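The values are calculated or read from the model by the stated rules, or taken from the named source; none is laboratory data. None of these values were measured; they are calculated from a predicted model. Glycine also receives a Cβ, built like all others from the backbone with ideal geometry; neighbour counts cover every protein chain displayed. Ligands, DNA and RNA are stripped out before the accessible areas are found, and what is left, the full protein with its side chains, is counted by its heavy atoms. Shrake-Rupley method; radii C 1.70, N 1.55, O 1.52, S 1.80 Å.
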Amino acid sequence: MLAMTASGAFAEVVLNRGNSADPESLDPHKTSTVYEAHILRDLFTGLTAQDAKANVVPGSAESWMVSADGKVYTFKLRADGKWSDGSPVTADDYVFAWRRLVDPATAAEYAYMLAPVVNAEDITSGKKKPEELGIKAVDATTLEISLNAPTPYFLEMLTHQATYAVSKANVEAKGAEFTKPGNLVSNGAYTLAEFVPNDHIKLVKNPNFFDAANVKIDAVNYIPTEDRSTAVKRFEAGELDMNDDMPTEQLADLKAKFGDQIKIGPYLGTYYYVFKLPKAPWDNAKLRHAISEAIDRDYLAEKVWQNTMIPAYSFVPPGISGYETRTTDYAEKSQLDREDEARKVLAELGYGPDNPLKMEIRYNTSENHKNTAVAIQEQLKPLGVEVTLLNTDTKTHYGNLEQHGDFDVARAGWIADYKDPENFLALCKSGTGNNYAEYSNTEYDGLMAKAAAATDPNERMKTLSDAEAIGVARDLCVLPLLYYSYHNLVSNKIKGWEENVMDVHPTRFMSKE
C-alpha cells in the first residue's frame with residue numbers, strides 16, 4: 001500500500017526485517033532453518049497458512065474435506081489462484097512438488113516430513129518410485145492426498161515450507177537457477193526482487209496473490225543480523241523496523257531503552273547440543289550423560305540468557321496437550337549431586353584433570369551462542385574436560401551438520417513446525433535429514449512407527465512419550481539445554497505483529513505507520 005507523503009505524493013511502504021542469518025537456499029525443498037522459513041512464508045503459500053496469531057487458515061486451498069476414517073484429504077484449490085507470472089496454481093504443481101521433495105535425488109532435509117503420506121518413506125529410502133506417492137490431481141483444482149493413518153497435525157504441517165508447491169513449468173525451464181531473482185516464480189504475498197548475500201533480500205508485493213488487496217506493506221527487506229549487538233544499534237538508528245533476536249546479556253539495558261518494543265514470550269522450541277555419535281568417545285552413553293550432568297542449566301538460563309530461557313531436560317518442550325515429556329533421571333537432582341556423579345563417571349572412564357577429555361564445541365555466530373558455549377567450557381573445566389570452541393557463520397555451521405561433517409559437539413536448536421511431539425522426536429529417527437547426531441536405534445524407530453500407525457490419540461501420545469524415554473532420556477540422541485522463549489525487537493511503528501508460541505509473523509498481516 002503506498003502511503004501519502006506531506007507533499008501529496010505516494011511513497012512505497014518498506015519494512016526492514018532483521019533476520020538472524022542469510023538463507024542457505026530459497027528452494028522450499030532444500031531449506032531447514034527458521035531464518036529461511038521467515039522469507040519463504042512471505043514468498044509462498046501452502047495448501048494451508050498461518051495467520052498473524054499462527055492459527056491455521058486456508059492458503060492456496062480454499063477448502064478441504066476429510067474422509068470418515070481420517071486418511072484421505074481432498075483439497076479444493078482457489079479457482080483464481082495464480083503464480084507470480086500469472087499462470088494458474090494447479091493440483092499438478094503440488095503433485096510435482098511433493099514427488100520432488102521425497103525423491104532421494106533432491107536430498108531434501110525435510111523429506112521425512114511427508115512420512116504420514118502413503119509410500120513416502122519407501123520412496124525416500126529408494127524402495128519405491130516418486131510416482132507412487134499418495135497424492136494425485138483429480139482435476140486442475142482438486143488434490144487428493146492419502147495418509148497411512150489419521151494424522152492430527154496434518155493441516156498444520158501443510159503450513160511448512162517443505163510442503164509448498166513450486167511451479168512445475170518454472171522449475172523445469174530454469175533448473176537449478178529457478179530460485180534466483182528474475183527467475184523465481186512464487187504464489188505468496190511477495191515475489192523475489194533482489195538477493196545480495198550478507199546485505200539484504202528484497203521482496204516486493206505480488207499483484208497476483210489471492211489476497212493482494214489486503215497486503216499493506218509494499219516491499220520487505222530481509223537483512224542478515226548475525227551480530228545481534230549491531231542489529232540493536234541499527235534498530236535504534238531506525239535502519240531496522242524489527243529483529244528476530246537480541247543479545248540477552250544486554251536485556252536490562254534494552255528493556256530500559258526500548259520498553260514495550262522488546263517482545264519476550266514462550267516459544268515452542270528447544271536449544272540443544274548434539275554429539276557426533278559414530279565418533280569415539282561420544283558413542284558412549286555414560287560419557288554423554290556425564291557431560292550433560294556437569295552442565296548447569298540454571299546458570300545458563302539465569303545468567304547467560306537473563307531468564308529468557310528455561311532449563312531443559314527433555315527434547316519435547318512442555319505445553320503440548322496430552323503429552324507427557326520424559327526427562328533424564330537426574331533432572332530433579334541438585335546441581336552439586338549432578339556434578340559429583342559426572343566427576344565419578346568421568347573418573348571411571350579414565351578422565352580427570354591429569355588426563356583431560358578433549359572436546360570441541362561448534363556453534364554458529366551469535367553473542368548468545370558464544371556466551372552459552374563459554375559458560376559450558378568453564379563448567380566442564382574443573383571436571384577434567386578440556387573444551388575448545390569453534391565458531392562459524394550460520395550457513396557454514398548448518399551445512400557441516402547437514403552433510404554429517406566432522407565434529408565432537410555442536411550447537412543446534414529446534415522450533416516446532418507444528419504443535420505435536422512427533423515434530424521433535426522425528427529428528428532422532430534413523431536416516432532423518434535433521435538427525436545431526438546420526439543416532440540410530442531399532443527400538444526407537446519401532447516406537448515411532450507404532451505411533452505413526454496408531455488410531456487412538458491417547459495411545460499415540462503414550463507411544464511417543466515412550467520413544468522419548470529411550471532416545472532422549474536414556475540415549476541422549478540430543479543434549480537438551482534450554483527451552484526457548486522468543487526475544488524480538490519490534491518498532492512501535494509496526495502494527496499487526498501478534499505474539500504467538502510459534503513466533504510466526506507473516507509480513508502480509510502487518511502494516512507500518
Integer Hz, Karplus 6.51/-1.76/1.60 couplings in order for region 344-352, x for Gly and Pro: 5, 5, 4, 5, 4, 8, x, 10, x
Of all the accessible heavy-atom surface of region 337-429, with the other protein chains kept in place and a 1.4 Å probe, what percent is carbon and sulfur? 46 percent
Per the helix-only model, the chain has a calculated mean residue ellipticity at 222 nm (DSSP H runs of ≥4, -39500 (n - 2.57) each, divided over all residues, rounded to the nearest 500) of -7000 deg cm²/dmol
For region 202-306, with every protein chain kept in place, what is the accessible area per residue (1.4 Å probe, Å²)? 38 Å²
In whole Hz, what ³J(HN,Hα) sequence does region 384-400 give by Karplus (6.51, -1.76, 1.60; θ = phi - 60°), x for Gly and Pro? x, 10, 9, 9, 10, 10, 10, 9, 9, 5, 4, 4, 5, 4, 6, x, 5
Calculated from backbone phi, Karplus (6.51, -1.76, 1.60) coupling profile of region 247-259 in Hz, x at Gly/Pro: x, 5, 5, 9, 4, 4, 5, 5, 5, 5, 7, 10, x
For a paramagnetic label modelled at 7 Å from the Cα of residue 138 toward its Cβ, which residues of region 38-74 fall within the zone defined by backbone nitrogen distances under 16 Å? 61-74
Paramagnetic reach from residue 255 (point 7 Å along Cα→Cβ, amide N under 17 Å) across region 483-497: 485-490
Rounded to the nearest percent, how much of the accessible area of region 452-496 (1.4 Å probe, protein heavy atoms only) is carbon and sulfur? 53 percent
Dimensions (Å) - region 287-350, Cα atoms, principal axes, largest first: 43, 28, 17
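Any idea of the accessible area per residue across region 366-513, 1.4 Å probe, to the nearest Å²? Please list the in-between numbers first.
Numbers: 5140 Å² over 148 residues.
So region 366-513 comes to 35 Å² accessible per residue, rounded to a whole number.
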Compute the acute angle (0 to 90°) between the alpha-carbon long axis of helix 91-102 and the principal axis of greatest extent of the alpha-carbon atoms of the chain; round to the nearest 10°. 20 degrees
Nearest 10 degrees is fine. How inclined is helix 34-43 to the longest principal axis of the chain, computing both from alpha carbons? 10 degrees
Quick calc: nm separation of the 7 Å Cα→Cβ label points for residue 67 and residue 233 -> 6.0 nm
Starting from the Cα of residue 450, draw a straight line to each of the aspartates and glutamates and keep only those under 13 Å, dropping any in the same chain fewer than 8 residues away. 422, 459, 466
Taking the reciprocal of mean 1/r across every pair of different Cα atoms in region 351-462, the Kirkwood radius in Å is 16.4 Å
At q = 0.17, 0.21 Å⁻¹, the log10 of I(q)/I(0) for region 244-397 from a Debye sum over equal Cα scatterers comes to -1.14, -1.50
